[in-house]
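**Q** Below is one structure. I have some questions about it.
The values are calculated or read from the model by the stated rules, or taken from the named source; none is laboratory data. Note that the structure is a prediction, hence the values are computed from the model and not measured. Cβ sites come from the backbone with ideal geometry, for glycine too, and all protein chains shown count toward neighbours. Side chains included, ligands, DNA and RNA excluded: accessible areas come from the protein's heavy atoms. Shrake-Rupley method; radii C 1.70, N 1.55, O 1.52, S 1.80 Å.
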Amino acid sequence: MCFSTSQEQEEDSFPFTKLQKALLLFFSYHHVEQQLPALVKNALPQHSRIQPEFSHRSKFPAPGTSRKICALGPVGYVTAPAVKPPTSEICTHTPGVTAGAIFHEDNYEAEVAFRYAIERVNMHEKHFEMTPIIKYVSPDDSFKTEKKVCELASEGVTAIFGPSSMLTSGIVSSICKTIEIPHIITHWDPEPLGGIDPELQAMTINLYPEADVLSRALRDLIVDYSWKSFTIIYDSDEGLMRLKDVLQIHGPNDNPITVRQIDDDPDYRPLLKDIASSGESHIILEVHPDKILEILRQAKEVKMLEEYQSYIITSLDAHTLDFEELKYSRSNITTLRLMDTKSFDIKNAVHDWEQGEARMKRVFRVSPEHVRTESALYNDAVKIYATAIRELDATEEITPSRLSCGSKNLRQWPFGLRIVNYMKVKTEYGITGPIIFDDNGRRTHFQLDIIELHQQEGFKKIAIWDPRGGVNYTRSIDEVHLQIVESLQNKTFIVASRIGAPFLTWKEKKEGEYLEGNNRFEGYSLELIDGISKILGFQYRMEIVPDGKYGSYNKATKKWDGLVKYLLDRKADLAICDLTITYERRTAVDFTMPFMTLGISILYAKPVPQPKDLFSFLSPLSLDVWIYMATAYLGVSVLLFVLSRMAPADWENPHPCKQDEVEEVENIWNMLNALWLTMGSIMGQGCDILPNIESAEDLAKQSKIKYGAVLGGSTLSFFRSSNFSTYQRMWAAMESTRPSVFTKSNDEGRDRVLKGRGLYAFLMESTSLEYITERYCELTQIGGLLDSKGYGIAMPVNSPYRTAISGAVLKMQEEGKLHQLKTRWWKEMHGGGRCDEAATTSSGDSAAELGIDNVGGVFVVLAFGCFCAFVIGILEFLWNVRKVAVDEKVTPWEALKAELKFALNLSITTKPVHNTLSESESAKSSMRSKSESRRGSESVGRRSNNIRTGASLMNVDKIGFVFNNNNK
């Protein structure tokens, strides 16, 4: 740098004090001419205000020559021809470094960035000065491109920047490889099909993000957004190449990815309508930036910019477009950006460009938020190249050389390969963030901003992406929630539902009352959505789905019905009722967190009370069973008798005291004893009275009771798709039964159970079953829950309101409001709690439930048994009287009187033994009686019949004794 300290002609120099020089130098580094102190600013003559000139090579010194810097102004350098140095002039002569660039006619902003990046390098660099030489070519003119490259080489350039088209860039890269001049590019350049040839790419450095890594960034974003299906709109084959990793996301079991190419026809509406009719809500735009706004405008016309559509724009220049007319759309529009538009570096660079162009009397306006990626990359390319020149020049002086493309004079620049290799290992930070190259000169490490279009702020950064960490969000959950809640304000939701108590029913009109809008309905669903609306501050309008169905998928037509179809057709924003969250429905719509948990159970009729009967205690066993029991009783008794006679252990010695003189053994198990033993065994048993059906397994094992479910509901889907053998049998039985066991609603199923008289069971969800059993006391729940699931509020896929509504549901649950709503509509409204009162009343009378009308038959049987026993006793008594009359040779009447007299004399406890026969006969009779008595006592416990016989003989003797006395 050089400052004159002596006066010459005013037009060549101007004297400065030391303070003026210091201030001038300081403010020149900050590019703030307006802040220049009046002392310095007023001291400068008008013509010495700095006006740098940029033109072609004729305005710059030749390569390798020295350059004299005569004055330093606040916004750049003044270059002047080498004139005679003034007296006492302090000068520094620096070597010239020329940098060549090839631009297309539409790269004006990139050219500006390139020029003023070199100016800023020169401002800070003390060891060398860079000079730009710029050439212009057409994007498809390969011949002229080759010619311009050779011209630049002959002028001694140390590097060539650009061009931006793949065709012309390939020609430049080939020539630069031959003469070993660094080639620096800033555009997307895919890897060749055969792979990268390190030799061909040895002299090329590309600051644009490496193609595969950039494709991976798009893939990570789509995966993070949980897009299961999407449609790609592209305009060139290069676009599909940029989405290579995105196309590989699709698995064999995933929903298909739709790829649609647009042509030169500017009317995109038919394509957009086709996408809308398919129900697709996720769209990737891989088109030229000039087409993005027009596509989105036409999408808005066909209502493809609503809340449930999401767009990802792959272009890194999407942030430069004017989205003012679209930022109030409700769609989510996301794109990627390579630079932080709020950084000081980019603001400083933009200031350089605007001020520099203003000095050249050209108008150039651009905000940091709208800087093109190519322009930022040129700025960083100059910066990293200048760093390499400076650091390498510190060890060995780098001198430019004029080179020729001709084969006769072909030479290579000896410093080119060194510069390129140094740039590959050098890590630099620029406007576009960290710059790291791989061995092939490709930028494999970089950072992307993920930005979304907001109504108030335009594009706003929500996350960052880098190859190591993937997607990392910069916004908090509270910010997301606040943004969603703000978007809900003053919005009116269309809420679809279906009629079905207690969730939603028609409200009964009072006399003279007119109901409209939401006032036409009442129920749990209405009060639930009303509570949510008060928390989030939105309005709503209830609508009834025409077909009244929940929503099931028809595999034949490949279409949904019911509430799900209503949401897919965008006719409603929400769907709320007893809609079960299932996997199949989840593939078509989104759900909030469950507001009610439940499971499948069985609705069945309670047993019909039988009329009171004296012999109801016999009811547990049918006539057939009684016959079988009698047959079994006789069979077991005969078997015991036969087995006892065959078993040696059952034959016993009648005289246990005479073990040595045993002449015969006896068996006490006669037929009578066997019958008595079997009877005692039967009467010692009880019986359990169990319901015929108490679980799903019981239903599956029988065929008499039919069972079914609501057609098209989640309960039916559960049995149809279950892998459990019991449920598979039940599904097969339901499907094959004619007439059909399926119903259109829960109410129809309830009525079939009531009319079925125990021959029909209805499979339904436990919440609806509980509501029915609270009001129909003759119905009950059989068994427990077959599964576990929940009811949720459905909405279109990708709805931005799901998180906010789920949060409102959770808040109501924590505050106990959901429990209050269920108690109100299940147990209080419209007859709820009726069966609880009936159960309480019946439980108070449970102790007296079995009255004489129910068990009186027991006493009848007892009386009949006693009567039979009395008759048998009388007959036995008369038979004994006859036997006594014969033995004692008296008249039967006398014998009867004697026996009756003894039997009726209650004071007598013993009978005297006497015999009317002769004394000898009496003695014999007495001995025989004693012998019989002794034998009877020895066989006590074994022969009860002998005991009775002995007692009978003794009675005869006594009676005879009495008769003899009377005769005397």
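**Q** What residue, among those in the range 279-293 that are under 20 Å from Pro796 (Cβ atoms) and part of a loop (DSSP other than H, G, I, E, B), is modelled with the lowest pLDDT?
**A** Gly279
**Q** Of the numbered conditions (1) of a type in the set (Ser, Thr, Tyr); (2) without any contact (Cβ under 8 Å) to a residue 40 or more places away in the chain; (3) more than 22 Å from Thr582 (Cβ to Cβ), Thr743 satisfies every one except a single condition; which is it?
**A** (3)
**Q** Counting residues that are touching a strand residue (DSSP E or B) at 6+ places or on another chain (Cβ under 8 Å), closer than 19 Å to Thr204 by Cβ and at pLDDT 90 or above, which strands (runs of 3 or more DSSP E) fully inside the range 387-474 reach at least 3?
**A** Fully inside the range 387-474 and qualifying: 433-437, 442-445.
**Q** What are the residues in the range 366-378 that are open to solvent by less than 50 Å² (accessible area, probe 1.4 Å) and either touching a Phe, Trp or Tyr at 6+ places or on another chain (Cβ under 8 Å) or in a helix (DSSP H, G or I) (or both), if any?
**A** The answer is Val366, Pro368, Thr373, Glu374, Ser375, Ala376, Leu377, Tyr378.
**Q** In the list Leu296, Leu305, Leu316, which residue meets the criterion of being open to solvent by less than 30 Å² (accessible area, probe 1.4 Å), in contact (Cβ under 8 Å) with a residue 12 or more places away in the chain, out of contact with any Phe, Trp or Tyr (no Cβ under 6 Å at 6 or more places or on another chain) and in a helix (DSSP H, G or I)?
**A** Leu296
**Q** Does Ala159 qualify as being in contact with a Pro (Cβ under 7 Å, 6 or more places away or on another chain) and buried (at least 17 other Cβ atoms within 10 Å of the Cβ)?
**A** yes
**Q** Let me ask you something else. Ser806 versus (1) in the same structural domain as Lys571 (by the TED database); (2) polar (S, T, N, Q); (3) within 14 Å of Ile600 (Cβ to Cβ): which is the lone unmet condition?
**A** Status for Ser806: all satisfied but (3).
The rows are residues; the columns are (1) among the β-branched types (Val, Ile, Thr); (2) in contact with a Ser or Thr (Cβ under 8 Å, 6 or more places away or on another chain); (3) under 25 Å from Phe718 (Cβ atoms).
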residue: Leu488; (1), (2), (3): no, no, no
residue: Thr505; (1), (2), (3): yes, no, no
residue: Tyr524; (1), (2), (3): no, no, yes
residue: Leu528; (1), (2), (3): no, no, yes
residue: Ile544; (1), (2), (3): yes, yes, no
residue: Leu563; (1), (2), (3): no, yes, yes
residue: Ile576; (1), (2), (3): yes, yes, yes
residue: Ile581; (1), (2), (3): yes, no, yes
residue: Ala588; (1), (2), (3): no, no, yes
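**Q** Only one of (1) under 34 Å from the mean Cα position of the chain (by Cα); (2) within 17 Å of Ile450 (Cβ to Cβ); (3) not in a helix (DSSP H, G or I) is not met by Met339, so which one is it?
**A** (1)
**Q** Which one of Ala394, Ala386, Ala381 is buried (at least 24 other Cβ atoms within 10 Å of the Cβ) and either over 51 Å from the mean Cα position of the chain (by Cα) or small (Gly, Ala, Ser) (or both)?
**A** Ala381
**Q** Select from the range 787-807 the residues that are open to solvent by less than 30 Å² (accessible area, probe 1.4 Å) and among the small types (Gly, Ala, Ser) and list them in ascending order.
**A** Result: Gly790, Gly792, Ala794, Ser799, Ala804, Ser806.
**Q** Considering each residue of the range 666-698, count those that are modelled with pLDDT under 65 and acidic (Asp, Glu), and give that number.
**A** Count: 1.
**Q** What number of residues in the range 722-740 are of a type in the set (Gly, Ala, Ser) and without any contact (Cβ under 8 Å) to a residue 24 or more places away in the chain?
**A** Looking only at that region, the number is 4.
**Q** Could you identify the single residue in Leu568, Leu563, Leu528, Leu579 that is closer than 27 Å to Met829 by Cα and within 19 Å of the chain's Cα centre (by Cα)?
**A** Leu579
Residue by residue, here is whether (1) of a type in the set (Phe, Trp, Tyr); (2) under 27 Å from Gly551 (Cβ atoms); (3) surrounded by 15 or more Cβ atoms within 10 Å (Cβ to Cβ); (4) under 23 Å from the mean Cα position of the chain (by Cα) holds:
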| residue | (1), (2), (3), (4) |
| --- | --- |
| Arg468 | no, no, no, no |
| Ser476 | no, no, no, yes |
| Arg498 | no, yes, yes, no |
| Phe503 | yes, yes, yes, no |
| Glu508 | no, no, no, no |
| Gly512 | no, no, no, no |
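**Q** Is it true that some residue in the range 509-520 is in contact (Cβ under 8 Å) with a residue 24 or more places away in the chain and on the phi < 0 side of the Ramachandran plot?
**A** Within the range 509-520 (the criterion being in contact (Cβ under 8 Å) with a residue 24 or more places away in the chain and on the phi < 0 side of the Ramachandran plot), the answer is yes, since at least one residue qualifies.
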